[in-house]
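Engineer: Below you'll find the structure I mean.
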Amino acid sequence: MVTKECPDMVLTKYISKSCIVPHMLVANKSDAIKELTRLVFERKKMKDMGAALDQVVAREVTESTGIGHGIAVPHARLSGIKSLVCAVGRVPGGVDFMAIDHKPVHMIFLVFYPPAQQTTYLNFMATIAKILRGPGTMADIMAAGDADGIFDILETAS
């Protein structure tokens with residue numbers, strides 16, 4: 001559920017086209033997390049990628065972020081960043097993320113957020129779940145030809 005503090009969450013405020021990988025070819029969730037972490041750190045010129053990656057991996061060890069319906073949302077709270085950032089990867093063939101429904105994950109939203117933006121983070125996660133479980137949205141994203149198409153669908157849906 002989207003909270004009252006941020007009822008009109010627009011995902012693309014926190015996702016740039018340059019942080020969308022439309023055709024990830026990864027063997028496992030560890031490789032997917034590493035690739036998306038590297039991408040967001042390079043594109044957003046962020047520092048201390050190793051610590052961020054360690055936090056995301058530690059979170060995955062505790063409990064998988066595969067939320068079902070082909071979606072995973074690995075995430076970590078990071079000091080030293082100013083705003084929530086997200087990298088998106090589409091895995092057409094799917095990858096085992098040990099999701100709660102035991103099905104392969106096709107869309108990965110890797111999220112980093114500063115401690116002061118807990119509410120923004122919660123709204124962002126709720127919006128992802130809401131729009132991707134909506135009728136047709138996931139199918140549209142899977143059918144999109146490139147990062148621009150995925151971005152446009154996420155922008156329109158949120």
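The values are calculated or read from the model by the stated rules, or taken from the named source; none is laboratory data. All of these numbers come straight from a predicted model, not from anything done at the bench. Note: ideal-geometry Cβ built from the backbone for every residue, glycine included; neighbour counts use all protein chains shown. Only protein heavy atoms, including side chains, enter the accessible area calculation; ligands, DNA and RNA are left aside. Shrake-Rupley method; radii C 1.70, N 1.55, O 1.52, S 1.80 Å.
Engineer: Among Ala157, Ala51, Ala147, Ala87, which is the only one that is among the aliphatic types (A, V, I, L, M) and surrounded by fewer than 18 Cβ atoms within 10 Å (Cβ to Cβ)?
Structural biologist: Numbers: Ala157 fails: surrounded by fewer than 18 Cβ atoms within 10 Å (Cβ to Cβ); Ala147 fails: surrounded by fewer than 18 Cβ atoms within 10 Å (Cβ to Cβ); Ala87 fails: surrounded by fewer than 18 Cβ atoms within 10 Å (Cβ to Cβ).
Within the list Ala157, Ala51, Ala147, Ala87, the selection yields Ala51.
Engineer: Restricting to segment 67-78, name every residue that is crowded, with 21+ Cβ neighbours inside 10 Å and in contact with a Pro (Cβ under 9 Å, 6 or more places away or on another chain).
Structural biologist: Gly70 - this is the single residue of segment 67-78 that is crowded, with 21+ Cβ neighbours inside 10 Å and in contact with a Pro (Cβ under 9 Å, 6 or more places away or on another chain).
Engineer: Then there is this: Could you check, for segment 120-138, whether at least one of its residues is more than 15 Å from the chain's Cα centre (by Cα) and touching a residue at least 24 places away in the same chain (Cβ under 8 Å)?
Structural biologist: No, segment 120-138 has no match at all.
Engineer: Could you identify the single residue in Ile81, Ile100 that is touching a residue at least 12 places away in the same chain (Cβ under 8 Å), out of contact with any helix residue (DSSP H, G or I) (no Cβ under 7 Å at 6 or more places or on another chain), open to solvent by 60 Å² or more (accessible area, probe 1.4 Å) and not in a helix (DSSP H, G or I)?
Structural biologist: Values: Ile81 fails: open to solvent by 60 Å² or more (accessible area, probe 1.4 Å).
Among Ile81, Ile100, only Ile100 is touching a residue at least 12 places away in the same chain (Cβ under 8 Å), out of contact with any helix residue (DSSP H, G or I) (no Cβ under 7 Å at 6 or more places or on another chain), open to solvent by 60 Å² or more (accessible area, probe 1.4 Å) and not in a helix (DSSP H, G or I).
Engineer: What's the number of the only condition in (1) touching a strand residue (DSSP E or B) at 6+ places or on another chain (Cβ under 8 Å); (2) modelled with pLDDT under 95; (3) of a type in the set (D, E, K, R) that Asp96 fails to meet?
Structural biologist: In the conditions (1) touching a strand residue (DSSP E or B) at 6+ places or on another chain (Cβ under 8 Å); (2) modelled with pLDDT under 95; (3) of a type in the set (D, E, K, R), Asp96 misses (2) alone.
Engineer: When the residues of segment 11-54 are narrowed to those that are more than 14 Å from the chain's Cα centre (by Cα), assigned to a loop (DSSP other than H, G, I, E, B) and of a type outside the set (D, E, K, R), which ends up nearest to Lys130 (Cα to Cα)?
Structural biologist: The extreme case among them is His23.
Engineer: Name the residues in segment 105-144 that are part of a helix (DSSP H, G or I) and open to solvent by 50 Å² or more (accessible area, probe 1.4 Å), would you? Spell out how you get there, then give the answer.
Structural biologist: To start, the set of residues in segment 105-144 that are part of a helix (DSSP H, G or I) comprises 115-132, 137-143.
Across segment 105-144, the qualifying residues are Pro115, Ala116, Gln118, Thr119, Leu122, Lys130, Ala139, Asp140, Met142, Ala143.
Engineer: Please specify each residue of segment 55-66 satisfying the condition of being open to solvent by 30 Å² or more (accessible area, probe 1.4 Å) and within 13 Å of the chain's Cα centre (by Cα).
Structural biologist: Within segment 55-66, none qualify.
Engineer: Can you name the number of the only condition in (1) without any contact (Cβ under 8 Å) to a residue 12 or more places away in the chain; (2) farther than 17 Å from Cys19 by Cβ that His69 fails?
Structural biologist: Going through the list (1) without any contact (Cβ under 8 Å) to a residue 12 or more places away in the chain; (2) farther than 17 Å from Cys19 by Cβ, His69 breaks only (1).
Engineer: I would also like to ask the following. All but one of (1) open to solvent by 80 Å² or more (accessible area, probe 1.4 Å); (2) modelled with pLDDT of 90 or more hold for Pro7, so report the exception by its number.
Structural biologist: For Pro7, the exception is condition (2).
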